[in-house]
Amino acid sequence: SLPLYQGVRDAARTILRDEGWRSLYAGLSPALIGAGVSWGVYFAGYNRAKARYQRRSGVQKLPPQMHLLAAAEGGALACCLTNPIWVVKTRLELQRGVRTAA
């Protein structure tokens, strides 16, 4: 079973003591890949939606609600397209936990 911690400080102290400082960066590569792809997809989706709304309305300066709608489109696109990355990342983390506990 996984250890129970008494809070953030206890978790950090225990991890450092038992596994060393390098363990604090375990899983960093998948997290960086996932974040980079997510933000890239989000901004691409947001900018495309914003340009589409500008074209359709014929104005350059969109009202705030149109920016919000474009942001929602970008966010939904990012969630849908990058979910597999987060599933794989989570499974890798769980697998590591199972191996450590075994």
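Read-outs throughout are calculated quantities, based only on the coordinates presented, and are distinct from any laboratory measurement. Since this is a predicted model, take the numbers as computed values, not measurements. Note: ideal-geometry Cβ built from the backbone for every residue, glycine included; neighbour counts use all protein chains shown.
Side notes on the structure shown:
- Cα-derived Rg to Rh of the stretch 15-55, Kirkwood definition: 1.41
- Along the stretch 54-70 the Karplus relation, 6.51 cos²θ - 1.76 cosθ + 1.60 evaluated at θ = phi - 60°, assigns HN-Hα couplings of 5, 4, 5, 8, x, 10, 7, 8, 7, x, x, 5, 6, 5, 5, 5, 5 Hz to successive residues, with x for each Gly and Pro.
- Paired Rg and Dmax values of the chain, which use every Cα atom, in angstrom: 20.2, 62
- Applying the criteria of a DSSP loop state and at most 15 other Cβ atoms within 10 Å to the trypsin sites (Lys or Arg not before Pro) of the stretch 44-100 yields Lys61.
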